[in-house]
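Only one structure is covered here, and it is reproduced in the block below.
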């Protein structure tokens with residue numbers, strides 16, 4: 001049984017509760033069902049009229065927020081020992097934490113807006129922001145907003161593309177990582193360009209206004 005068949009069977013048995021229960025499990029690091037495919041299939045079922053779109057989105061958002069909040073407080077309470085003691089059971093490795101830390105050092109709270117789309121990061125971001133003690137106010141403002149973007153984006157794939165949702169989903173999953181790598185490279189080039197231009201402006205400014213010679217006024 002592949003992942004899509006698993007998600008389909010779960011929806012047949014439990015309906016909206018798959019979103020309310022399954023998405024928190026995805027963030028806790030028990031990806032049964034996996035979040036991205038669950039949301040996309042939810043959109044497809046809404047496209048077919050099996051589920052209603054607004055209740056489905058609301059349940060998905062509630063389940064995802066619950067997952068982020070639970071993992072945030074677990075990480076906040078236990079800190080790095082959580083990874084050292086229980087990481088293998090939660091499929092969490094110190095390398096994943098370090099990778100997430102590098103992203104956070106680079107982007108700050110803005111990472112919480114896009115982090116749920118980053119392969120290998122989104123599922124564990126709740127633990128991480130708890131471990132490094134991100135203020136809960138920032139979690140509410142940025143992480144919950146990021147959750148909303150994530151839910152609507154993957155739900156939209158299934159709802160908008162209908163019968164072609166699986167093909168589109170596979171393409172999105174395949175190229176999402178490349179997209180973020182390319183975006184990161186582009187941002188790095190932009191940063192380098194800004195630094196170079198700033199230095200050139202400083203150099204041209206110093207040449208235009210040479211130091212004042214006090215002895216010439218005597």
Which pairs do you get when a residue that is without any contact (Cβ under 8 Å) to a residue 12 or more places away in the chain and on the phi < 0 side of the Ramachandran plot, found in segment 52-77, comes within reach of a residue that is surrounded by fewer than 22 Cβ atoms within 10 Å (Cβ to Cβ) and in a helix (DSSP H, G or I), reach meaning Cβ atoms under 7 angstrom, with the pair 6+ apart or on two chains?
52/46
Please find, within segment 135-152, the residue that is farthest from residue 39 (Cα to Cα) out of those that are in contact (Cβ under 8 Å) with a residue 60 or more places away in the chain and surrounded by fewer than 22 Cβ atoms within 10 Å (Cβ to Cβ).
136
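Each value in this text was obtained by applying a stated rule to the coordinates, not by laboratory testing. This is a predicted model, so every value here is computed, not measured. Every residue, glycine as well, gets a Cβ built from its backbone with ideal geometry; the counts of neighbours run over all protein chains shown.
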